Amino acid sequence: MSAGAAVVTRGIEKSFKGVPVLRGVDLDVDAGSIFALLGSNGAGKTTLVRILSTLLKADAGTAEVNGADVASRSAEVRESISLTGQFAAVDDVLTGRENLVLVARLRHLPDPRGIADELLARFALTEAANRRAGTYSGGMRRRLDIAMSLIGDPPVVFLDEPTTGLDPQARAEVWATVEQLAGRGTTVLLTTQYLDEAEQLADRIAILHEGRILVSGTLAELKRLLPVATVEYVEKQPSLEEVFLALVSGTPDGGRSPGPIPSRKEPR
Amino acid sequence: MSIHALGDARVLTGRSLRHIVRSPDTIITTAVTPVALLLLFVYVLGGAIRTGEHGSYIDYMLPGILLITIASGIAYTAYRLFLDLQSGIFDRFQSMPVARSSVLWAHVLTSLAANLASVAIVIGVALLMGFRTGASLAAWLAVAGILILFTTALTWLAVIAGLSAKTVDGASAFSYPLILLPFISSAFVPTRSMPGPVAWFAEHQPVTSIVDSIRALFAQQPVHDDIWVALGWLVAILVLAYGFAIASYRRRLG
Ligand SMILES: Nc1ncnc2c1ncn2[C@@H]1O[C@H](COP(=O)(O)OP(=O)(O)O)[C@@H](O)[C@H]1O
Ligand SMILES: [Mg+2]
């Protein structure tokens, strides 16, 4: 693998009870970048993230995270990652502070309380620090959840649909956090069903559909996949949504009638 | 377990003990049914039961009641484990550099603490109701050892249930047959009072030998071979349950 890659997968396959979910996934995520894995509900995003975070074994293929194979060197992988699952994984019975202290202890870090205080302040949870997490709003739970994931500064962070179910303000907060992380050099692999989220945050985007990566590239590269207008018309760049729908349609569960990719024309 | 694993298990046990301290109702709920059974058998049914042994009826039945306490208490262990799996916190721990076995061990140790607390409550009530024993410290320790072994064996069964359950109810349903088992044993009436096939079953199922051993220890009588039969059962259940629990734990990662 190249020196600059934080996540590399080749031919990852996974079936559940004979039903294939991943059918040969190849992925390259550059270190320090924000990478968005885009796919509709049930595309297999969570399955792939679980394989990368050593929670699930692939049926075939290889995956390396931070230079270590997820199957044969899973303990090393766990040292360098953190996972923020699709649903906030906080302990509802413990307070916000206790949740953070717990993770800091489990990561064997010195001064767990100091770490907790710092993160509570950074995520605007100081006021609520001594309340049970079960009493938090959805946005606060997500913030606590992400704060727990950042303890120990893991170089690779997996965020599985980090903004699903959040209101617009909480969503903007998560986006700001992700950008901050990347600013510090952390590699962020996030999954999303929201095109605007991928468009807004990601350095590179991969579209997962029917168990394979349909396309992968920068936003500009993906946009170039659709032909632009003819000479009589002023060009309009296709939006990521148009690229996505054009690529996904024509396949059995694409949800759109198959047909030629329409070229965008906008007369002036 | 390595030093690391021990440290992780200690931190995680501290966490689930907090759950119990913050909702002590689980410990009390566990003790309620056994205490009700104590009252029922001692004050309603006990007068009609001839055990053919010296001592009061409560002395006779307490060992079985203690086993029922534990059998119902471990349902909460399955429940807590199931909730951890559902909430995703289990996945969080598993994706961290935490010794993996420590996540299960924390639940097992918490189960021991919670069940021993419930058992202590039931013994306290029994003492108020007239339970008496002249057992020596060594005999008490032997009883404690048997109960700890019993709890540990059943807790690993609870771990299997918690790991494989699909619903909250499913996570605790496995304990119902375990709670009933003492009724078809020497726990409440001597097995010789039962019809042939039932008596045969009662004499050959694990509860009878465990109950007889504890009863003998409390009564300062020799435990005979019962103790070896009891220990054999307990160790066999423990080893099997542990093996299946670890196997289903591994399967989750498949
Ligand atoms: N443990 C499992 N057992 C059986 N089927 C599963 C399991 N996990 C996921 N699936 C199935 O795999 C498919 C992909 O799921 P998932 O990875 O959660 O998709 P996404 O996260 O993209 O919505 C879905 O059809 C889902 O039902
Ligand atoms: Mg998902």
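Nothing in this text is a laboratory measurement; each read-out follows from the coordinates by a stated rule. For clarity, every value in this text was computed on a predicted model and none was experimentally measured. Please note: Cβ atoms are built from the backbone with ideal geometry, for glycine as well, and neighbour counts cover all protein chains shown.
Just a few scattered comments:
- Taken about its Cα centre, the range A:5-217 carries a charge dipole of roughly 520 debye when the Cβ of each Lys and Arg holds +1 and the Cβ of each Asp and Glu holds -1.
- With neighbours defined as other Cβ atoms within 10 Å of a residue's Cβ, the residues A:Asp111, A:Asp59, B:Asp84, B:Asp91 order from fewest to most as A:Asp111, A:Asp59, B:Asp91, B:Asp84.
- Pairs of Lys residues in the protein assembly as shown are counted when their Cα atoms are under 28 angstrom apart and they lie 8 or more places apart or on different chains; the count is 13.
- C-alpha center-to-center spacing [the range B:183-211, the range A:106-143] in angstrom: 55
- Volume per residue for chain B equals 137 cubic angstrom (convex hull of Cα atoms).
- Rounded to whole numbers, the Karplus 3J(HN,Hα) couplings from phi for the range B:142-157 are 5, 4, 4, x, 4, 5, 5, 5, 4, 4, 5, 4, 5, 5, 5, 4 Hz, using 6.51 cos²θ - 1.76 cosθ + 1.60 with θ = phi - 60°, and x at Gly and Pro.
- Under the simplified labelling scheme, the B:Ala113-A:Ala124 pair shows an inter-label distance of 3.6 nm, with each label point 7 Å from Cα along Cα→Cβ.
- Computed from Cα atoms, the angle from the helix B:3-22 axis to the main principal axis of chain B rounds to 60 degrees.
- Once the Cα-Cα distance is subtracted from the 0.36 nm per residue extended length, the A:Thr164 to A:Thr135 segment shows a gain of 8.5 nm.
- When DSSP beta bridges are restricted to pairs lying wholly in the protein assembly as shown, around 55% turn out antiparallel.
- Placing unit charges on the Cβ atoms of the charged side chains and taking the dipole of the protein assembly as shown about its Cα centre, the candidate lying farthest along the positive direction among B:Ile246, A:Gln180, B:Ala5 is B:Ile246.
- Length gained when the stretch B:Leu39-B:Asp25 is fully extended (0.36 nm per residue, less Cα-Cα span): 3.0 nm
- Debye, to nearest 20: dipole size of the protein assembly as shown, +1 on Lys, Arg Cβ, -1 on Asp, Glu Cβ: 560
- Think of the protein assembly as shown as a dipole: +1 on every Lys or Arg Cβ, -1 on every Asp or Glu Cβ, centred on the Cα centre; then among A:His209, B:Ala78, A:Asn66, B:Ala78 lies furthest on the positive end.
- Counting charges near B:Ala158 (Lys, Arg +1; Asp, Glu -1) among other residues having Cβ under 15 Å from its Cβ returns a value of -1.
- By the beta-carbon count within 10 Å of each Cβ, the least crowded to most crowded order of B:Met129, A:Met140, fewest first, is B:Met129, A:Met140.
- The A:Leu225 and B:Gln86 beta-carbon pair, evaluated with R₀ = 45 Å, returns a calculated FRET efficiency of approximately 0.65.
- Förster-model FRET efficiency, 35 Å R0, B:Leu128 and A:Asp117, C-beta, rounded to 0.05: 0.15
- Dipole orientation for the range A:78-196: of the candidates A:Asn130, A:Gln86, A:Thr164, A:Asn130 has the Cα lying most toward the positive pole (charges on Cβ; Lys, Arg +1; Asp, Glu -1).
- Pairwise FRET efficiency - B:His224 versus A:Glu13, Cβ, R0 = 51 Å, nearest 0.05: 0.30
- Once the Cα-Cα distance is subtracted from the 0.36 nm per residue extended length, the B:Phe244 to B:Ser101 segment shows a gain of 50.1 nm.
- For the range A:77-138, the Cβ-based charge dipole about the Cα centre amounts to some 60 debye (Lys, Arg positive; Asp, Glu negative; other atoms uncharged).
- Rounded to 10°, Cα long-axis angle of helix B:226-252 versus longest principal axis of chain B: 20
- A:Gln237 versus B:Leu17: modelled label distance in nm, points set 7 Å from Cα along the beta carbon direction: 5.9
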